[in-house]
1. Which aspartates and glutamates, if any, have their Cα less than 12 Å from the Cα of Lys75, not counting same-chain residues under 8 positions apart?
2. Just Gly88, Gly115, Gly49 to compare: in a GNM of the chain, with alpha carbon springs under 10 Å, which one fluctuates most?
3. Of the residues Asn109, Asn69, Asn125, which exhibits the maximal mean-square fluctuation in a Gaussian network model of the chain defined by a 10 Å Cα contact cut-off?
4. Once amide H atoms are placed 1.01 Å from N in the peptide plane, what residues at a sequence separation of 5 or more from Ala92, or on another chain, have their amide H within under 5 Å of its amide H?
5. Where a Cα-Cα gap under 19 Å defines reach, which aspartates and glutamates qualify for Lys26, not counting those fewer than 8 residues away within the same chain?
6. For the stretch 22-147, what relative contact order do you get, as a whole percent, if you take Cα pairs closer than 8 Å and at least 6 residues apart?
7. Run the accessible area of the chain with a 1.4 Å probe and give the carbon-and-sulfur part as a rounded percent.
8. If one computes P(r) from the Cα atoms of the chain, what percent of pairs lie at distances over 23 Å?
Amino acid sequence: MKTILSMLTAVVALSMTLPAQAQFAKPEDAIKYRKATFTVMSTHFGRLGAMANGRLPYDAKAASENAENVVTLAKLPWAAFGEGTDKGETKARPEIWKDAAKFKQASDNMQTAVGKLSQAAKAGNVDALKVAFGPAADTCKACHDDYRAK
Ligand code: ASC
């Protein structure tokens, strides 16, 4: 039991220190993973948008939950843009890897904006949500414009 526990601890410790790329067995796994995270993020973000735009009735609890999901999901795709993931079933443009610092900045901008969106969603009124939704959507669009092939 002790041995198993110490082995498990070692595996967990190792997995936390490995480069992001090593978290995926194959580049195509990373590509699938990041697409899945964007898809799920878009679903929750879209529900917030529908409330902000009046296409869905405002529901404070749902807004808060959707925003929390977006905040969590917004952290995930970036580790899946490792080496070798520029080729395959992906619309990711080479600029992502050519100027990684700029791409990182764009991803940080998005996470900052969805953080604010989440605060707004927790404020419990639709006006706060409306104010924060547009700037967050702009950070999605900025990345699509620069880094996603048509
Ligand atoms: C969404 C969604 C995006 C962004 C983007 C904003 O709802 O899925 O990727 O908003 O379209 O311009």
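1. Hits, sequence-local ones excluded: Asp108.
2. Gly88
3. Among Asn109, Asn69, Asn125, the largest GNM mean-square fluctuation belongs to Asn125.
4. Amide H neighbours of Ala92, under 5 Å, 5+ apart: Ala149.
5. Leaving aside aspartates and glutamates fewer than 8 places away in the same chain, those within reach of Lys26 are Glu83, Asp86, Glu89.
6. 31 percent
7. The value for the chain is 61 percent carbon and sulfur by accessible area.
8. Cα-Cα pairs of the chain separated by over 23 Å account for 45 percent.
The values are calculated or read from the model by the stated rules, or taken from the named source; none is laboratory data. Here the structure is a predicted model, which is why all the values come from computation and not from measurement. These accessible areas exclude ligands, DNA and RNA; they are computed on the full protein's heavy atoms, side chains included. Shrake-Rupley method; radii C 1.70, N 1.55, O 1.52, S 1.80 Å.
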